[in-house]
Amino acid sequence: MRLTKEEQTMLDGAQGRAVQKAMEILTTLGRIYAAARLIPVTSVQISGVSYANLGEAGLTFLDEMASGGGRARVLTTLNPAGMDIENWQNLGISAEFAENQLRVLDAFARMNVITTATCTPYLIGNAPHFGEHIAWAESSAVCYANSVLGARTNREGGPSALAASLTGLTPEYGAHLDAYRQPTLTVNVKGLQGENTDFGALGKVLGEKLELISGQRVPLICGIENASVENLKSFCASVATYGGVALFHMQGITPEASQMLPPGDSITITAVEIQNARDSMIDATSDEIDFVSLGCPHLSIKEIARIAELLTGKQVKKEFWITTARPMKAIADRMGYTAVIEAAGAKFAADTCCVVAPIQGRFQALATDSAKACYYAYAKNKFKTALMPFDEVVQTALQD
Ligand code: F3S
């Protein structure tokens with residue numbers, strides 16, 4: 001890989017140990033993926049923020065990067081942490097965990113990273129434009145940035161995203177290149193309904209089919225007439241979880257789709273397959289559900305407004321988490337939604353989510369509208385799950 005003179009001095013340590021370490025990470029990646037050079041990025045999203053996932057080893061790495069003079073050179077935001085940074089006691093988080101989580105956030109803050117802690121950075125100000133080269137981690141956000149916004153990013157890991165932030169650079173390979181972005185398979189979708197659960201179930205069906213295909217997998221999806229931002233963030237989270245998809249095109253909806261010739265290879269996904277996928281994410285009975293959560297990926301203000309509308313004058317009977325970005329909660333505060341939701345007994349869990357918070361063993365069954373949350377509720381926490389449409393999730397929280 002060719003380095004400029006300045007990049008070589010960064011690798012040699014002239015700009016401090018943190019930048020040197022970051023360049024080591026980026027050049028190693030570049031060699032593995034046969035990148036010709038490093039290119040500038042303008043936005044970074046870092047994953048691996050929850051202390052539950054990072055542990056002491058991860059925290060030590062962050063601390064060394066901060067102490068070694070690492071400072072964000074471009075707009076950099078964070079994935080969800082393991083707790084609500086202001087309201088962790090109310091969510092049953094231990095003081096010991098909170099102390100460690102705050103040490104993680106402090107290390108990022110020392111590096112001038114914006115500690116927003118959300119998986120929907122594109123809803124709160126880290127929103128790259130079409131064609132912009134960025135370095136994002138968090139699979140759902142990567143898929144959204146590439147596909148819906150038309151920005152260009154590979155699926156970074158926590159360390160490579162941090163390295164991109166501290167240098168403003170990333171190796172040029174994969175989704176940064178035109179060739180990678182060409183669709184490889186036409187996917188005809190039949191009979192899709194408009195709930196987030198439908199889009200999540202479609203993501204599961206498609207993801208699992210793509211997992212069986214080797215090589216590059218960029219679907220061109222046809223047959224979907226409408227998709228809201230909320231539908232698309234659900235779909236991105238699901239298709240990235242079940243199929244490792246970092247980029248898709250959706251005819252009539254995503255910005256690059258009209259420039260692409262439909263590939264000759266095609267598959268069809270039917271309404272029955274989507275229904276079966278929905279059913280496969282329901283193994284909890286209504287009696288077993290003791291935990292309800294909305295906000296995977298983190299909720300938009302429109303979704304929070306809907307929850308407030310449904311909860312007005314009512315009382316929830318189950319533990320109910322509303323997970324969102326803190327700036328989104330600030331809007332909810334201002335609009336009076338927070339007051340309505342909290343008066344009903346539901347809990348805001350800003351900065352975190354039901355997957356990255358340390359809640360293993362506390363609940364037996366989760367009700368959610370998120371196919372991704374269903375996957376991790378079982379895989380990580382061994383919870384049973386009940387996937388249901390958004391409004392029904394709220395109704396479930398109200399039932400004894
Ligand atoms: Fe976001 Fe947590 Fe879901 S990080 S996509 S809310 S698993």
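Summary table below
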quantity	calculated
Residues (open to solvent by 10 Å² or more (accessible area, probe 1.4 Å) and within 16 Å of the ligand (Cβ to nearest atom)) located in the stretch 339-353	Lys347, Cys353
3 or more residues β-branched (Val, Ile, Thr) and either open to solvent by 30 Å² or more (accessible area, probe 1.4 Å) or under 21 Å from Ala141 (Cβ atoms) (or both): qualifying helices (runs of 4 or more DSSP H) within the stretch 4-89	17-32
Residue that is within 16 Å of the ligand (Cβ to nearest atom), closer than 26 Å to Glu24 by Cα and out of contact with any helix residue (DSSP H, G or I) (no Cβ under 6 Å at 6 or more places or on another chain), where the choices are Leu75, Leu177, Leu162, Leu105	Leu105
Hits in the stretch 276-291 - residues which are more than 24 Å from the chain's Cα centre (by Cα) and within 22 Å of Glu208 (Cα to Cα)	Asn276, Asp283
Residue satisfying all of: in the stretch 244-281; within 16 Å of the ligand (Cβ to nearest atom) and within 24 Å of Ala175 (Cβ to Cβ); surrounded by the fewest Cβ atoms within 10 Å (Cβ to Cβ) among these	Gly244
Lys382 within 15 Å of the ligand (Cβ to nearest atom) and open to solvent by 20 Å² or more (accessible area, probe 1.4 Å)	no
Leading residue by the ranking (nearest to Ile359 (Cα to Cα)) among those in the stretch 282-300 that are away from the ligand (no atom under 16 Å from the Cβ) and not acidic (Asp, Glu)	Ile289
Residue check, Thr118 assigned by TED's automatic domain parsing to the domain that holds Gly55 and within 15 Å of the ligand (Cβ to nearest atom)	yes
Residue match in the stretch 212-226 (condition: basic (Lys, Arg) and under 23 Å from the mean Cα position of the chain (by Cα))	yes
Count of residues meeting criterion [under 21 Å from Tyr242 (Cα atoms) and either of a type in the set (Asp, Glu) or open to solvent by less than 80 Å² (accessible area, probe 1.4 Å) (or both)] in the stretch 359-375	10
Members of the stretch 315-331 that are over 21 Å from the mean Cα position of the chain (by Cα) and of a type outside the set (Val, Ile, Thr)	Gln315, Lys317, Lys318, Glu319
Lone qualifier among Lys233, Lys209 - being open to solvent by 50 Å² or more (accessible area, probe 1.4 Å) and of a type in the set (Lys, Arg)	Lys209
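The values are calculated or read from the model by the stated rules, or taken from the named source; none is laboratory data. Computed from a prediction, not measured in an experiment: that's the story for all the values here. Positions of Cβ are backbone-derived with ideal geometry, glycine not excepted, and every protein chain shown enters the neighbour counts. For the accessible areas, the whole protein counts, side chains as well, though only heavy atoms, and no ligand, DNA or RNA atoms are used. Shrake-Rupley method; radii C 1.70, N 1.55, O 1.52, S 1.80 Å.
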